[in-house]
Amino acid sequence: MAAQVWSVNTLGGYFTALNLNRELRDAVQPMVKFRQMCDAKNAVGKNLGESFTWDVVSDIQTRGTTLVETNTMPESNFVITQGTLTVTEYGNSIPFTRKLEDLGMIGVKEPVMKALRNDTVKVMDCAAHAQFNMTPLRVVGTSSTTISLTTNGTATGTNSQAYNNTHAKLITDTMKERNIPAYTGDDYMALAWPSTLRTFKNNLESIHQYTDRGLTMIMNGEVGRYENARYIEQTNIPKGGAADTTTFNPFTNTGDPWNGGFSDWIYFLGEDTVAEGVVVPEEVRYKIPSDFGRSKGIAWYANGGFGLAHTAQLQARVVKWDSAV
């Protein structure tokens, strides 16, 4: 069984390397980006089963119109559909030996806790992203000045365009004209890899420089605002997954950029994106020592799930800048 042990330098012995300061340097990890865009559904809790549903109310089926004095009032209705998610368990652990804990000059619990925290962030962000990626609305850059929208969850063209400020205007215009409500105030949110936004940010340098004008950037990774969209950079979810809603697995995918090479995915978000069901929020759990106290460990654990709030294309709130390959 894999564990932190004293007898292997790379698994614990280096905690007493002669030239090592008693100061720990851990790998820098980003905090959650996709998960912060989810809505926690408070109807989920213990002893309520593993499935959770919520009602989605459509627009009225027949619009109102002018009235004739002697005619009866027209009648219509709306349609109720249900979204659903299934909660599941998430977790990971790092075992370590009592000998490592007793002999190490650096306490083993601190690096274990940091490693588990970073793992929690990545796992939960990946689980949230999988639902964002189910959106039926896909946009492909067909040229540097045009876009093409599909509504069946599949991008039909190869996106070989670097994302630019013209694309930004066209996408936010498309979202407004589909009556997608803004995420906050009058603004949508957009999540992307830093390099995906590079050409776009270069465009903006010649137009104007972003200043927050006293507005606090409350979202992790937020870098700026343009044309009613606030942009957030993230690196938890790897590049790639073009036109792949079934096999693209951010938990294991190490990066497969688009064939065009000039861009990669961006998610544009309106209000009410992905529902998060919480049964047991993520927590730290200590292993009960075994083998007469010689075998120890720490784990993180969570029980919950995520579900795309609006799966019908007419009500969809997420637009993905996508590509067929």
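The values are calculated or read from the model by the stated rules, or taken from the named source; none is laboratory data. Quantities reported herein were computed from a predicted structural model and do not represent experimental measurements. Heads up, the Cβs are rebuilt from the backbone with ideal geometry, glycines too, and the neighbour counts pull from every protein chain shown.
With modelled with pLDDT of 80 or more, part of a loop (DSSP other than H, G, I, E, B) and more than 30 Å from GLN315 (Cβ to Cβ) as the only criterion, which of VAL32, VAL68 stands out?
Unique residue meeting the criteria: VAL68.
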Failed item, numbered, when LYS109 is tested on (1) modelled with pLDDT under 90; (2) crowded, with 20+ Cβ neighbours inside 10 Å = (2)
Please identify the pairs in which a residue from the stretch 124-145 that is surrounded by fewer than 19 Cβ atoms within 10 Å (Cβ to Cβ) has its Cβ atom under 6 Å from the Cβ atom of a residue that is among the β-branched types (Val, Ile, Thr), counting only partners at least 6 apart or on another chain.
-> THR145/THR166
Considering each residue of the stretch 272-325, count those that are of a type in the set (D, E, K, R), more than 30 Å from GLN4 (Cβ to Cβ), part of a strand (DSSP E or B) and modelled with pLDDT of 90 or more, and give that number.
-> 1
Residue, surrounded by the most Cβ atoms within 10 Å (Cβ to Cβ), within the stretch 160-195, restricted to residues that are more than 22 Å from ASN220 (Cβ to Cβ) and small (Gly, Ala, Ser) | ALA162
Is it true that GLU101 is of a type in the set (D, E, K, R) and surrounded by fewer than 14 Cβ atoms within 10 Å (Cβ to Cβ)?
-> no
If we take the stretch 114-231, then strands (runs of 3 or more DSSP E) inside it with 2 or more residues that are at pLDDT 90 or above and either touching a strand residue (DSSP E or B) at 6+ places or on another chain (Cβ under 6 Å) or at positive phi (or both) are 137-141, 147-150, 188-192
Consider only pairs whose beta carbons are under 6 Å apart and that are at least six residues apart or on different chains; among these, list those whose first residue lies in the stretch 175-195 and is of a type in the set (Asp, Glu) and whose second residue is in a loop (DSSP other than H, G, I, E, B).
-> ASP186/ASN228; ASP187/ASN228
